[in-house]
Amino acid sequence: MHAFGLCVDERYLVPALTAITSLADGIGPATRRTTAVRVLALDLAPAHACLLAAIAKRVGFGSFDLRWARPAARALLVEGDYISVTTYLRFQFTPQFVRRPYLIYVDSDVLVRGDLSQPLDRLPADRVGAVRDEFNPSVGECPALPGLADRFPSVRGRPYYNAGVLWMHTATMNRVRSGAKWALTAGRRHILHNDQDALNLWLLAARAAHPVDPAFNRFEVARFLQRGDWVRRVVDRPLRADPRARLVHFVGPEKPWRSDCPATEEVREYRVHLRATLRHVRRLGAVGVESGAGGMR
């Protein structure tokens, strides 16, 4: 039995609702009834917390809980004006809150196409499961963790992981939280990609990463190809929609719920789920939520 964990603020309410419906679509009804949803929120209105709970119940999840939390005091935002300090809440899940043996943390800007629990089958008890970052695959050979490989040459070429989807035993959560706090102090000078760099600093120091198949966190890259050719130089795979992907991750500032996002194949697929989610919202009588979909209907 596991829980899906999300971190939500007001700006990401509609994407979080869509992620919950997408997660539900990825598993069968019987599995949904034994699966929990756990949400950490920073500035969410109580009415919107109730809406998240109502959507989770409507799509068949057996358990839902939400609590308001604050990130570590030294949480550092270096880049990405589309990112808020809410992103650091991924380190604040606790065993007492999750109340399941496992947590699968999922960012809100995703499209889920299948069951995400398979990596839990082989996850060592003291490791965090993660997928290697497609844009920043190796330490010292990408912009992430600036200066770290110069300072510690032994880490050059080691994998760098994306924090958008994480698998962990609930018992490791306290280590993850303490590790991120340590990274924000000891490695502050090397943080560029915010909480993701903090996580990777600790994963490197503790050798706590467990590699997960790329199909469980595949980037949507066609949007970037419309803006330039740099993706071809950094992504080591065919640059087209991946039918194997269990999860498609819409990294970067252009998000598929916004009408100004390029309408690639995977963006159009996401919008099908978005429209289905907004139908749920309307049936629940929620007012004013659809404006968060950036003009999409």
Item to check | At R0 = 30 Å, FRET efficiency that the Cβ-Cβ distance of R244 and R275 yields, to 0.05 | outcome: 0.75
Checklist entry - Mind checking the log10 I(q)/I(0) for the chain at q = 0.07 Å⁻¹? Debye, one equal scatterer per Cα, no solvent, two decimals. => result -0.24
Checklist outcome for this item: FRET efficiency (V235, R74; Cβ distance; R0 30 Å; to 0.05) is 0.35
Checklist entry - What distance in nm separates the simple spin-label points at S154 and M1, each placed 7 Å from Cα in the Cβ direction? => result 4.2 nm
Item to check | Long-range amide H partners of V131 with built H, under 5 Å | outcome: N162, V165, V212
Checklist outcome for this item: Tilt, helix 46-58 to longest principal axis of the chain (alpha-carbon atoms), in degrees rounded to tens, equals 80 degrees
Checklist entry - With no solvent and one point on each alpha carbon, what is the Debye value of log10 I(q)/I(0) for the stretch 80-175 at q = 0.15, 0.16 Å⁻¹? => result -0.75, -0.84
Checklist entry - Stretch T94-L284 to full length: gain in nm at 0.36 nm per residue minus the Cα-Cα span? => result 65.4 nm
Checklist entry - Using θ = phi - 60° and the Karplus form 6.51 cos²θ - 1.76 cosθ + 1.60, what ³J(HN,Hα) does each residue of the stretch 156-164 get, whole Hz, x for Gly and Pro? => result 4, x, 6, x, 10, 10, 7, 8, x
Next on the checklist: Probe of 1.4 angstrom, ligands and nucleic acids ignored: what's the accessible area per residue over the chain, in square angstrom?
Outcome noted: 42 Å²
Next on the checklist: Just to confirm the number: angle between the C-alpha axis of helix 13-25 and the first principal axis of the chain, 0 to 90 degrees, nearest 10?
Outcome noted: 80 degrees
Next on the checklist: Only four residue types carry charge here, +1 at the Cβ of Lys and Arg and -1 at the Cβ of Asp and Glu. Report the dipole size of the chain about the Cα centre in Debye, rounded to the nearest 20.
Outcome noted: 620 debye
Checklist outcome for this item: If each part is reduced to its alpha-carbon centroid, the stretch 1-61 and the stretch 228-250 end up apart, in Å, by 27 Å
Next on the checklist: Take T34 and R67, extend 7 Å from each Cα along the Cα→Cβ direction, and tell me the distance between the two endpoints in nm.
Outcome noted: 2.6 nm
Item to check | the stretch 177-222 and the stretch 266-288: distance between their alpha carbon centers, rounded to Å | outcome: 32 Å
Checklist outcome for this item: Cα-based Rg then Dmax for the stretch 178-286, in Å, read 17.8, 49
Next on the checklist: If each residue of separation counts as 0.36 nm, what is the full-extension length gain between S138 and A263 once their alpha-carbon separation is subtracted?
Outcome noted: 42.0 nm
Checklist entry - In terms of the Cα gyration tensor, with a ≥ b ≥ c the square roots of its eigenvalues, is the stretch 222-276 rounded because a/c is under 1.5, prolate because a/b exceeds b/c, or oblate? => result oblate
Item to check | Accessible carbon and sulfur surface of the stretch 1-140 relative to its total accessible area, %, 1.4 Å | outcome: 51 percent
Checklist entry - When the Debye formula is applied to the Cα atoms of the stretch 1-140, each taken as the same point scatterer, what base-10 log of I(q)/I(0) results at q = 0.11, 0.13, 0.14, 0.21 Å⁻¹? => result -0.41, -0.58, -0.68, -1.47
Checklist entry - So what's the stretch 26-68 giving for Rg/Rh, alpha carbon basis, Kirkwood Rh from the mean inverse pair distance? => result 1.02
Checklist entry - Picking from H210, Q226, V248, whose Cα lies most toward the positive end of the charge dipole for the stretch 127-277 (charges on Cβ: Lys, Arg +1; Asp, Glu -1)? => result H210
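The values are calculated or read from the model by the stated rules, or taken from the named source; none is laboratory data. Since we're looking at a predicted model, the values are computed, not measured. All Cβ positions, glycine included, derive from the backbone under ideal geometry; neighbour counts span all protein chains shown. Keep in mind that these areas ignore ligands, DNA and RNA; they rest on the heavy atoms of the full protein, side chains included. Shrake-Rupley method; radii C 1.70, N 1.55, O 1.52, S 1.80 Å.
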